[in-house]
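Presented below is the structure to which this report refers.
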Amino acid sequence: MLCCVTVAAGVVPDSEDAEASLRDVLAAALDANRELARLTAELREENERLRAENAEQAAELGRLRADLAVLQRMVFGRSSERSRPEPPGGAGDAAGGQGAGTGAGRKRGPGARAGRRDYSHLPRFEVFWDFPGGGYCCPECGEPFTPLGDHVSGEQLDWQVIVRLVAHCRRRYKRECSCRVPGTVMAPGPPKAIGKGLFSNGFIAMLFTERYVAGRSMNSLVKGLARQGADVSPATLAGTCARAGALLVPLAEAVTARSRDSWHLHADETTWRVFAPREGDGPAKWWLWVFIGPDTVCFVMDPTRSGAVLARHAGIDEKTGQLTGHEDGGPRRLVISSDFYAVYQSAGKKADGLVNLYCWAHVRRHFVRAGDANPVQLKYWADAWLERIRDLYAAHDELMAAWQAAAPAPREREAPAARLEKAYTAWDDALAIIDGARKKQMAAPGLAEPAKKALATLDREWDGLAAHRDYPMVSLDNNTAERMIRGPVITRKNAGGSRNDESARLAAVIWTVTATTQMAGLNVLTWLTAYLGECGRNGGKPLTGPALERFLPWNASPEDLRTWARPPPAG
């Protein structure tokens, strides 16, 4: 730094004073330089902090944009598991959502896929149309025309909702002889499931079907009945559901016991709202679980989403985490198809003999969302992964078909055994391609964050995804459970939830019974009417023993199954 010393004219400064003055000036300049260096360092640190903050904000903005793109796709976009066009046989989810072909030459419009349905099994009601006054006369001379017969100009489906009052008249008879028997007798009355109730068995069956199977709210049912002239209070309908639902408890218990003995279960859960729980001072979030076996559907309503619910149903000791043995004391194996919820993962890691099969449809959604989050960089990357998963679904379909063909006697039939071996090879090849791609891409630098998350999920759940090879009879995904729980979800959206604990658990009981009935291919309305009628013959009490066993689909006779599969008789 250049320093200047000004000397007044005619005055010669003393050398010591000048040296002291120069030292002071130099000291001041040094202090100024130090302060400048400190300020420069602070500015440099502030700049570094701002750069880091800007980089963090940019990354956060990128994540928010990715999440927004995913949410927009989920709310406004097409389902990631449906394709254009849908694969033959309605295998939209089973084929990984990747349809084949362009759809050229296909018919369009309602009923184009299946053609006009056959309704000849419905009751037929003929309506005759004639000219006003009947007959027709010549407009010139007035001579009447001779009848020529009727012309059927078409058939239409008619939908009539009738709420009627049924008066039960019981015949009475008087004795005419002199025998020592009662003087008068009266024919038995109708078998009422609820003895002094207002509603018939058919009404109660329709109430259950509309309320729980169709998912209508109680308010919707009350208004619908009022439109037909029947003014019924919601409390009356709720009380009827509670009393009639108690008759279904033994059926639900039998279904639950059979479900717990299944070797394979599809499992899923969803939230449920209880507005006035017994414990607590406000609405509570409960959880509705579903466990689907080969011929059973079991719903469980519980206040928690903990592993205790899975442990109770799957027969897992909560202290040891191990599967309880069979009644004969032998070891037990259990296969659970599920999503990646930690409860299922934890149970599979602890329990010997419990195998987790994770859902490939869930994995596929992660790749679809990654492509939606960053379509500029990841569109072709996501399409390539969807292609690999589609090939895996195709290989699994062939493996399942080959296994079913070879299952009766694989060693005695060479052709099915060769087909099965070839199918296993195709499966291994398709899985190896996915395995190699995930390892190579995870090691590659510069991959976008959404792609890293999708690959991390695939890597974390790989063992449960690859385990499908040993169980070709089980589907690759958990869509069975997701579709089954969709009905209660619709009810939740329409009704909001349940008023209290009892009504919430009652809903699970009714869903268990009706869903198992539907799985067996039975008409819920016909089956419920028959069961309630039998309860009426039992004095309005739940059935037990052989009478109860008859209504379980796996024990019912072929004649009963045929009867219950048909719609209820008209009138």
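Going by average Cβ neighbours within 10 Å, how do the peptides 482-493, 221-232 rank, with the highest at the top?
Numbers: 482-493: 17.2, 221-232: 13.0.
With the highest mean Cβ count within 10 Å placed first, the list reads 482-493, 221-232.
As I understand it, the dipole of the chain uses +1 on the Cβ of Lys and Arg and -1 on the Cβ of Asp and Glu, about the Cα centre. Which of CYS359, ASN500, ALA430 lies farthest toward its positive end?
Of CYS359, ASN500, ALA430, it is ASN500.
Identify all lysines with a Cα-Cα distance to LYS319 below 28 Å; exclude those on the same chain that are fewer than 8 residues away in sequence.
Answer for LYS319, where 28 Å is the Cα cut-off: LYS285, LYS349, LYS350, listed by chain and number.
Need one word for segment 115-238: rounded, prolate or oblate. Basis is the Cα gyration tensor (sqrt eigenvalues a ≥ b ≥ c); a/c below 1.5 gives rounded, then a/b vs b/c decides.
Oblate shape, in that a/c is at least 1.5 and b/c is the bigger or equal ratio.
Given a 1.4 angstrom probe, what's the average accessible area per residue across segment 270-365, in square angstrom? Mind showing how you got there, number by number?
Details: 4320 Å² over 96 residues.
I get 45 Å² per residue for segment 270-365.
List the residues whose amide H sits under 5 Å from the amide H of ASP477, counting only those 5 or more places along or on another chain, with H placed 1.01 Å from N in the peptide plane.
Correct list: TRP360.
Amide H to amide H under 5 Å from LEU357: which residues, 5+ apart in sequence or cross-chain, H placed 1.01 Å off N in plane?
Long-range HN contacts for LEU357: ILE336, SER337, SER338.
Determine the share of segment 478-535's accessible area contributed by carbon and sulfur atoms, expressed in whole percent, with a 1.4 angstrom probe. Numbers along the way, then the final one.
On the way: 1010 of 2040 Å².
Here it works out to 49 percent.
When a/c reaches 1.5 or more, the comparison of a/b and b/c decides; with that in mind, is segment 406-546 rounded, prolate or oblate per its Cα gyration tensor? Write out the running numbers ahead of the final one.
Details: a/c = 4.39, a/b = 1.61, b/c = 2.72.
Since a/c reaches 1.5 but b/c is at least a/b, the shape of segment 406-546 is classed as oblate.
Can you tell me what share of the DSSP beta bridges in segment 287-372 is antiparallel? A percent to the nearest 5 is fine.
Values: 7 of 12 bridges.
Of those bridges, close to 60 percent are antiparallel.
Which one of LEU39, SER21, LEU50 is farthest out on the positive end of the charge dipole of segment 14-53, using unit charges on Cβ (Lys, Arg +1; Asp, Glu -1) and the Cα centre as origin?
Projecting each Cα onto the dipole axis, the largest value belongs to LEU50.
Write down the accessible area per residue of segment 164-263 in Å², having rolled a 1.4 Å probe over the full set of protein chains. Present the calculation step by step, with values, prior to reporting the outcome.
Working: 6360 Å² over 100 residues.
That works out to 64 Å² per residue.
Which ³J(HN,Hα) values in Hz, rounded to whole numbers, follow from the phi angles of segment 193-199 under the Karplus curve 6.51 cos²θ - 1.76 cosθ + 1.60, where θ = phi - 60° and Gly and Pro get x?
5, 10, x, 9, x, 7, 10
Taking the mean number of other Cβ atoms within 10 Å as a proxy for protection, how do you rank 424-430, 336-342 from highest to lowest?
On the way: 424-430: 16.1, 336-342: 18.9.
Ranking, from highest mean packing down: 336-342, 424-430.
Normalised by the empirical 2.2 N^0.38 Å for globular proteins, what value does the Cα Rg of the chain take?
On the way: Rg = 37.5 Å, N = 571, 2.2 N^0.38 = 24.5 Å.
The reported ratio for this selection is 1.53.
Whose amide H sits under 5 Å from the amide H of GLN322, counting only residues 5 or more places off or on another chain, with H placed in the peptide plane?
ASP317
Please state the relative contact order of the chain as a whole percent: Cα pairs under 8 Å, 6+ residues apart?
Numbers: 650 pairs, mean separation 107.7, N = 571.
Taking the mean separation of contacting Cα pairs over the length of the chain, I get 19 percent.
Which of the three applies to segment 209-249, rounded, prolate or oblate, going by the alpha-carbon gyration tensor with a ≥ b ≥ c and a/c under 1.5 meaning rounded?
Oblate is the answer for segment 209-249, as a/c is 1.5 or above yet b/c matches or exceeds a/b.
Among the lysines, which fall within straight-line cross-link reach of LYS541, defined as a Cα-Cα distance under 25 Å, with same-chain neighbours fewer than 8 residues apart omitted?
In chain and number order, the partners are LYS192, LYS196.
Say the dipole of the chain comes from +1 at the beta carbon of Lys and Arg and -1 at that of Asp and Glu; which of ALA226, VAL474, GLN377 then lies farthest toward its positive end?
ALA226
Please list 49-58, 17-26 highest first by mean number of surrounding beta-carbon atoms within 10 Å per residue. Could you put the intermediate results ahead of the total?
Details: 49-58: 10.0, 17-26: 11.5.
Highest to lowest by the protection proxy: 17-26, 49-58.
Rounded to whole Å, give me the distance from the Cα center of segment 356-408 to that of segment 303-334.
Cα centroid of segment 356-408 versus Cα centroid of segment 303-334: 31 Å apart.
Can you compute the helix-only [θ] at 222 nm over the chain? Use -39500 (n - 2.57) per DSSP H run of at least 4 residues, normalise by all residues, nearest 500 deg cm²/dmol. Before the final figure, lay out each step's value.
Working: 18 runs with 278 residues, N = 571.
After summing the helix terms and dividing by residue count, I get -16000 deg cm²/dmol.
Figure the gain on full extension for LEU148 and GLU176 (residue separation times 0.36 nm, minus the Cα-Cα span) and round it to one decimal in nm.
Values: separation 28, 0.36 × 28 = 10.08 nm, distance 5.61 nm.
Roughly 4.5 nm would be gained on extension.
The values are calculated or read from the model by the stated rules, or taken from the named source; none is laboratory data. Only a predicted model underlies this, so the values are computations on that prediction, with no experimental measurement involved. Positions of Cβ are backbone-derived with ideal geometry, glycine not excepted, and every protein chain shown enters the neighbour counts. Accessible surface is based on the protein model in full, side chains and every heavy atom, while ligands, DNA and RNA are left aside. Shrake-Rupley method; radii C 1.70, N 1.55, O 1.52, S 1.80 Å.
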